[in-house]
Amino acid sequence: MKRQIALGAVASVAASVFVAGLAQAVTAPGDVAFKDGAVAMSLTGQPGSADAGKKVFTTRSEGNCIACHKVSALKDVQFPGNIGPVLDGVGSAYSEAQLRGIVVNAKHMFDGTMMPSFYKVSGFIRPGDDYTGKPAKEIKPILSAQQVEDVVAFLQTLKN
Ligand code: HEC
């Protein structure tokens, strides 16, 4: 138990150092403020790019959202997954802040969901360096703050 708390502290220090290295004021994963599952503030202070977000959404090594979600507008995507709901119309159903909250950490909105948390670096069960028993060298979120904003911009284009 003690050890997990210590590792969490290491992770958040690592994240702050990582973020401090960036020129822009980016909200670190541990500093994201949720309200009812939503995150009101842009993580980068800038609007995202829907085009870049479409790439994050469909690229296996990035968001890979299509592994679980179908979007009818993405006609080129073959065999999208169906573990999660079809995302047509989510830009109408949810506010920008709610969509950001879902992408950052969907567990705030959907308790116990199997959707991954895309902008999180602590609270994992085994944040170690593979099976060596040593703490991880650096824990990075799955998506960068910019990629989260880009995906949110893309989701907002999915109107009814
Ligand atoms: C491992 C599967 C999985 C992946 C990968 C995944 N999701 Fe999800 N997502 C889900 C599930 C399951 C739900 C339904 C929430 C629940 O558990 O009740 C969901 C819900 C959502 C919702 C709310 C939809 C609604 O109609 O309420 C949005 C928006 C969403 N996901 C966006 C994304 C985005 C964007 C990505 C990629 C960055 C992504 N998801 C990746 C499984 C996934």
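Within the stretch 57-98, whose backbone N sits under 12 Å from a point 7 Å along Cα→Cβ of Met114?
From the stretch 57-98, the list is 68-69, 82-85.
Only sites in a loop by DSSP and with at most 12 other Cβ atoms within 10 Å count here; which trypsin sites (Lys or Arg not before Pro) in the stretch 44-108 make the cut? Mind dumping the intermediate values first?
Numbers: sites: Lys54, Lys55, Arg60, Lys70, Lys75, Arg100, Lys107; in loops: Arg60, Lys70, Lys75.
Listed in order of number, the matching sites are Arg60, Lys75.
Taking the Cα centroid of the stretch 49-65 and of the stretch 90-124, what is the distance between the two, rounded to the nearest whole Å?
First find each Cα centre; the distance between them is then 16 Å.
As an exercise, use a Förster radius of 30 Å and the Cβ-Cβ distance of Lys134 and Ser72 to find the FRET efficiency, rounded to the nearest 0.05. It would help to have the intermediate numbers written out before the result.
Working: r = 46 Å, r/R0 = 1.53.
Efficiency computed from Cβ-Cβ geometry: 0.05.
Rule-based calculations on the coordinates, nothing more; no lab input. Bear in mind the structure is a predicted one, so any value in this text is a computation, not a measurement. When we count neighbours, we look across all protein chains shown, and the Cβ atoms used for this are built from the backbone with ideal geometry, even at glycine.
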